[in-house]
1. When the range 271-327 is examined, which residues are found to be touching a Gly at 6+ places or on another chain (Cβ under 6 Å) and assigned to a loop (DSSP other than H, G, I, E, B)?
2. Filter the range 262-308 for residues that are polar (S, T, N, Q), over 14 Å from ARG212 (Cα atoms) and out of contact with any His (no Cβ under 6 Å at 6 or more places or on another chain); which is surrounded by the most Cβ atoms within 10 Å (Cβ to Cβ)?
3. Could you run through the range 384-420 and say how many residues are surrounded by 12 or more Cβ atoms within 10 Å (Cβ to Cβ) and at positive phi?
4. Would you point out which residue out of SER237, SER231 is touching a Phe, Trp or Tyr at 6+ places or on another chain (Cβ under 7 Å) and either modelled with pLDDT of 95 or more or at positive phi (or both)?
5. Which residue is farthest from the chain's Cα centre (by Cα), if the candidates are limited to the range 43-63 and must be in a strand (DSSP E or B) and not hydrophobic (A, V, I, L, M, F, W, C)?
6. Quick check: is even one residue across the range 152-160 under 26 Å from ALA380 (Cβ atoms), surrounded by fewer than 22 Cβ atoms within 10 Å (Cβ to Cβ), within 22 Å of the chain's Cα centre (by Cα) and touching a residue at least 60 places away in the same chain (Cβ under 8 Å)?
7. Looking at PHE259 and the list (1) surrounded by fewer than 16 Cβ atoms within 10 Å (Cβ to Cβ); (2) touching a Phe, Trp or Tyr at 6+ places or on another chain (Cβ under 6 Å), which single condition is not satisfied?
Amino acid sequence: MTDLKSLLLLSTYMAVSAITQAEVETQTAALELQSRTDHLDTLAREPMIVQHPDGALFVSGYPSQVTGRDWTVPPLLWRSDDDGKSWKRGDVGSKESGAQGNSDVDLSIGPKGTLYMTSMGFNRETRAGTHIAIGASVDAGETWNWQFLSQNRLDDRPWVAVGENGTAHAIWNGSAGVSYTQSINQGAAWSAPTAIAPSGGSSHLAVGTNGRLAVRVSPIGASANTFDLESDYLLVSNDDGATWTKQEPPGRIEWDPTFADPAAVPRWVEPLAWTADGSLHHVWSEGSEVKHGVSKDLGETWQISAVSTTSGIAFYPFLTSNGENKLAATWFVKDAQGVSARLAQLNYSPHTAAVEAHEAAPFVPDAWEETVAYKSLSPAGEYIPVSFLANGDLAVVSPVQNVHDQRWGFTFWRFSLVAE
């Protein structure tokens with residue numbers, strides 16, 4: 001870390017710490033696991049889940065690192081019409097139609113029910129990205145319109161999210177930094193990509209109300225082929241992506257440029273979310289603590305609280321909002337017992353900036369290192385997605401990656417907040 005960067009991080013942390021910290025309120029309800037469904041098919045790494053207005057659930061994913069060596073294969077999609085009890089493989093189109101990608105995917109849904117899916121191609125021999133494709137479906141996944149957003153070496157980590165006005169926004173990164181595009185016609189066409197960050201990775205994208213967007217730029221980019229410690233900030237827009245303002249992130253984040261330090265916190269996605277009042281939220285790990293920050297002024301200042309303290313290392317957080325004033329966060333913990341997943345619902349009070357945190361009991365996905373040489377629990381990806389369902393429950397999806405027992409697929413977990 002450079003001396004200049006150290007001073008900037010220290011001054012930012014001191015400024016944030018000087019703000020009155022948000023309180024974590026006493027829990028009045030318990031977040032409990034209601035059901036678990038293992039769907040065995042083919043591996044769905046780094047899945048994403050959304051619910052259509054008609055009630056159907058969709059889960060996306062990408063194939064195994066071992067078997068998914070063809071970057072022109074279509075990405076994976078499943079549909080459930082019985083609240084996650086059973087699933088059927090969907091057809092997203094052929095590779096000839098542009099449905100291509102064997103790596104990072106994202107899934108989002110617009111206010112009119114339009115489904116959007118991003119898909120990344122990855123050459124596992126050269127360890128470099130090949131392209132970013134995006135598909136849109138206006139008929140609940142029956143047919144898809146695919147287009148390539150980029151076909152450059154080192155393309156990496158696409159995200160897509162949709163605003164209340166129906167505008168869809170997408171980002172990704174590569175050798176030239178972070179790129180941004182949007183569609184105002186349900187994915188029929190996308191604007192010419194613009195570079196919004198000259199370097200760094202597209203760590204996360206969040207879309208709020210009234211044209212608010214936020215992008216987390218991180219030092220790791222281009223599938224870990226680039227590392228730039230100066231690329232550690234947020235970009236915030238208040239005009240649907242027309243202009244962007246650079247802001248320092250809250251908290252104390254340290255990055256491992258070697259990606260090999262066993263004592264370092266593994267980092268990739270540093271997630272963001274908006275609540276209905278226009279507040280921007282961020283969740284991150286500081287080792288044994290998971291922190292939550294909220295900004296009421298588009299990232300200028302932050303109020304910070306601790307969401308959870310663990311006995312091990314917390315890593316790979318994820319965050320989502322129900323579009324109102326509730327958030328859900330997930331993360332992994334590695335300790336003496338191995339790797340487990342964690343979930344918390346955060347009920348946010350816009351008047352006081354207080355957060356009422358409800359954490360579920362730890363749960364363990366059936367995910368292991370992808371090798372027959374030894375058996376060790378693994379996150380099988382760099383986040384675990386969570387989504388609010390129409391009835392207020394929380395849905396979590398984790399990969400089933402068990403080479404020893406020849407089990408492949410995903411697990412659908414449903415949690416509810418139950419009054420104590």
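1. Once the filter is applied, which keeps residues that are touching a Gly at 6+ places or on another chain (Cβ under 6 Å) and assigned to a loop (DSSP other than H, G, I, E, B), the range 271-327 yields only TRP302.
2. Of everything passing the filter in the range 262-308, SER285 is surrounded by the most Cβ atoms within 10 Å (Cβ to Cβ).
3. Looking only at that region, the number is 1.
4. Residue meeting the stated conditions: SER237.
5. Applying the filter and picking the extreme gives GLN51.
6. Looking through the range 152-160, at least one residue is under 26 Å from ALA380 (Cβ atoms), surrounded by fewer than 22 Cβ atoms within 10 Å (Cβ to Cβ), within 22 Å of the chain's Cα centre (by Cα) and touching a residue at least 60 places away in the same chain (Cβ under 8 Å).
7. Failing condition for PHE259: (2).
Yes/no per residue for (1) touching a Phe, Trp or Tyr at 6+ places or on another chain (Cβ under 8 Å); (2) more than 25 Å from GLU96 (Cβ to Cβ); (3) at pLDDT 95 or above:
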| residue | (1), (2), (3) |
| --- | --- |
| SER150 | yes, no, yes |
| SER175 | no, yes, no |
| GLN186 | no, no, yes |
| ALA192 | no, no, yes |
| ALA206 | yes, yes, yes |
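The values are calculated or read from the model by the stated rules, or taken from the named source; none is laboratory data. Computed from a predicted structure; not experimentally measured. Glycine also receives a Cβ, built like all others from the backbone with ideal geometry; neighbour counts cover every protein chain displayed. Heads up: the accessible areas ignore ligands, DNA and RNA and are worked out on the full protein's heavy atoms, side chains in. Shrake-Rupley method; radii C 1.70, N 1.55, O 1.52, S 1.80 Å.
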